[in-house]
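Heads up, the thing below is written out as structure tokens.
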Amino acid sequence: MSEDMVVIKVFMNEVDAEIARGQLESEGIRTVISSDDAGGMVPALQPSEGVFLIVAPGDVKKAREILGIN
């Protein structure tokens, strides 16, 4: 993946981010999920910091269409 990745959506928890990730990856779009939750040890940080769903710039339009993001 390119270094110039794009955050297409911020989720309140990792479960919702993983569901969206599954939708995108089933359509051939590679994704990255990033969150600052102490390596999963403090999931309570997710709502305050957010869980980021990230894709390559060339996949942004298709990813937004799949997820219904305007």
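The values are calculated or read from the model by the stated rules, or taken from the named source; none is laboratory data. Predicted model only: the values in this text are computed from it and were never measured. Cβ coordinates were reconstructed from backbone atoms using ideal geometry, including for glycine residues, and neighbour counts include every protein chain displayed.
Here are a few things to note about the model shown:
- Within region 9-35, the residues that satisfy the criterion of being out of contact with any Phe, Trp or Tyr (no Cβ under 9 Å at 6 or more places or on another chain) and under 13 Å from Ala63 (Cβ atoms) are Arg21, Gly22, Gln23, Leu24, Glu25, Ser26, Glu27, Gly28, Ile29, Arg30, Thr31.
- Failed criterion for Ile8 (all others in (1) touching a helix residue (DSSP H, G or I) at 6+ places or on another chain (Cβ under 6 Å); (2) modelled with pLDDT under 95 hold): (2)
- Taken over region 19-53, the criterion of being modelled with pLDDT under 95 and part of a helix (DSSP H, G or I) is satisfied by Pro43, Ala44, Leu45, Gln46, Pro47, Ser48, Glu49.
- Residues in region 3-17 that are free of Cβ contacts under 8 Å to residues at least 40 places away in the same chain, surrounded by fewer than 15 Cβ atoms within 10 Å (Cβ to Cβ) and either among the aromatic types (Phe, Trp, Tyr) or under 13 Å from Leu67 (Cβ atoms) (or both): Asp16 alone.
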